[in-house]
Amino acid sequence: MSHYPAFVKLVEVGPRDGLQNETTRVPASVKIGLIERLQQAGLQHLEVTSFVSPKWVPQMADNTEVMAGLVRRPGVVYSVLTPNLQGFEAALRTQPNEIVVFGSASEAFSQKNINCSVAESLDRFAPVVQAALAAGLRVRGVISCCVGCPYEGEVAPERVAKVAQGMKNMGVQHLGVADTIGVGTPLKIQRALGAALAHFSLADVSGHFHDTYGQALANTLAALAMGVQQFDTSVGGLGGCPYAKGATGNVATEDVVYLLHGMGIETGIDLDALIDAGAYIAEQLNRPTGSRVARALLAKRAG
Ligand code: HMG
Ligand code: MG
């Protein structure tokens, strides 16, 4: 057991990845209410919103309002997605602590998601990364489709390594390895992570696993066994990507917290308060939670 990390950091992506795919507009006040409850549960790193085209992702059009309305706590990192300089400049005015550039290991997904090739995306990211570092912000990169692509099928680890190297060269400080459509299984995930680890240190690589095929917890354990210490998770398992049809949400934060605490790994998160945050957003969306752990604990509470 000693090779598992003693502490794991969870980046809560529910307000961004979780809600971006909702077709009915979620009011900014509800997003802010969710963020507040997540902070109360002890989340120290939140992906708040994205500065992308409102024509492409209407749900994130209230990015500035959400950033202005959230109550900031000392030490908490507030991240936003910025695909280009236009998005970065708008984001900068809202004072995030971290920006995220998001590329893809697959060409087809890059075209569908951000309307350019993988090489063009790296050219676009470079000035964003440079400007963010100059402004004293942290810079994270995420690579989509690290094991499979909804348009191209299986994706080889070499393609992950190539994008990882491009991101490293431009100054990206931390790299997320994303299984966008949740098709990965533990050994494939380990190979994708290995490709990222050829260019980033263990402390600077995280897992971003969607749970479409129910593999995300197994994949999380496989990553933990490699010593990975950071994961993106979404309260209630909310989410999906508008450009990856049929893909469901990220692995639920509640499920990962339960897994980690059960293994004696600390997170700084209060599971009971997290269940409350998940119950709040489920009620707002008028939908049951996607977290198995939340369902079990809510049933226990009701009983
Ligand atoms: P484009 O059309 O190629 O951009 O879009 P453009 O530079 O040609 O500009 C066209 C129009 O977009 C112009 O407006 C620009 O002002 C506007 P118009 O003159 O037509 O009125 N525009 C913008 N508006 C607001 N913010 C911006 C911006 N940039 C241009 N930043 C772009 C390129 C990337 C903007 C577009 O393709 C886009 O917004 N895509 C959405 C991408 C997205 O949000 N996807 C979901 C998040 S990624 C994800 O979920 C995966 C992840 O979770 C990891 C995983 O699971 O894989 C991270
Ligand atoms: Mg995602």
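The values are calculated or read from the model by the stated rules, or taken from the named source; none is laboratory data. The structure presented is a predicted model; accordingly, all values stated were derived computationally and were not measured. Because the Cβ atoms are built from the backbone with ideal geometry, glycine has one as well, and the counts that use them run over all protein chains shown. Remember, those area values only see protein heavy atoms, side chains included, never the ligands or the DNA or RNA. Shrake-Rupley method; radii C 1.70, N 1.55, O 1.52, S 1.80 Å.
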Task: Selection from region 51-90 of residues that are part of a strand (DSSP E or B), among the hydroxyl-bearing types (Ser, Thr, Tyr) and either more than 21 Å from Glu22 (Cα to Cα) or free of Cβ contacts under 8 Å to residues at least 40 places away in the same chain (or both) - done: Tyr78
Open item on the list: Being within 19 Å of the chain's Cα centre (by Cα), under 18 Å from Ile269 (Cα atoms) and open to solvent by 10 Å² or more (accessible area, probe 1.4 Å): is that true of Glu22 here?
Closed with: no
Open item on the list: Could you tell me how many of the residues in region 95-117 are farther than 15 Å from Cys241 by Cβ and open to solvent by less than 20 Å² (accessible area, probe 1.4 Å)?
Closed with: 5
- [ ] Would you confirm whether any residue within region 157-180 is more than 23 Å from Leu46 (Cα to Cα) and either within 16 Å of ligand 2 (Cβ to nearest atom) or part of a strand (DSSP E or B) (or both)?
- [x] yes
TODO: Run down Gly246, Gly268, Gly227 and say which single residue is within 14 Å of ligand 2 (Cβ to nearest atom) and surrounded by fewer than 21 Cβ atoms within 10 Å (Cβ to Cβ).
DONE: Gly246
TODO: Report the residue count in region 118-146 for those that are within 21 Å of Gly246 (Cβ to Cβ) and either more than 13 Å from ligand 2 (Cβ to nearest atom) or of a type outside the set (A, V, I, L, M) (or both).
DONE: 3
Task: Condition broken by Asp179, with the remaining ones in (1) within 11 Å of ligand 1 (Cβ to nearest atom); (2) farther than 22 Å from Val13 by Cβ satisfied - done: (2)
Task: Yes/no for Ile265 being over 26 Å from Ile181 (Cα atoms), of a type in the set (A, V, I, L, M) and more than 15 Å from the chain's Cα centre (by Cα) - done: yes
Task: Residues that are in contact with a strand residue (DSSP E or B) (Cβ under 8 Å, 6 or more places away or on another chain), open to solvent by 10 Å² or more (accessible area, probe 1.4 Å) and more than 9 Å from ligand 1 (Cβ to nearest atom), drawn from region 78-94 - done: Thr94
Task: Index of the failed condition, Thr185 passing every other in (1) hydroxyl-bearing (Ser, Thr, Tyr); (2) open to solvent by 10 Å² or more (accessible area, probe 1.4 Å); (3) within 13 Å of ligand 1 (Cβ to nearest atom) - done: (3)
TODO: Name the one entry in Phe7, Phe51 that is within 13 Å of ligand 1 (Cβ to nearest atom) and either over 24 Å from Val251 (Cβ atoms) or open to solvent by 10 Å² or more (accessible area, probe 1.4 Å) (or both).
DONE: Phe51
- [ ] Of the conditions (1) on the phi < 0 side of the Ramachandran plot; (2) open to solvent by less than 50 Å² (accessible area, probe 1.4 Å); (3) touching a residue at least 24 places away in the same chain (Cβ under 8 Å), Ala156 clears all except one; give me its number.
- [x] (3)
Task: One residue from Ala203, Ala196 being modelled with pLDDT of 95 or more, surrounded by fewer than 17 Cβ atoms within 10 Å (Cβ to Cβ) and either of a type outside the set (D, E, K, R) or touching a strand residue (DSSP E or B) at 6+ places or on another chain (Cβ under 8 Å) (or both) - done: Ala203
- [ ] Give me the pairs, please: first residue somewhere in region 166-182 and closer than 27 Å to Asn21 by Cβ and at pLDDT 95 or above, second residue anywhere and among the charged types (D, E, K, R) and open to solvent by 20 Å² or more (accessible area, probe 1.4 Å), beta-carbon distance under 6 Å, and either six or more positions apart or on two chains.
- [x] His174/Asp204; Gly182/Asp211
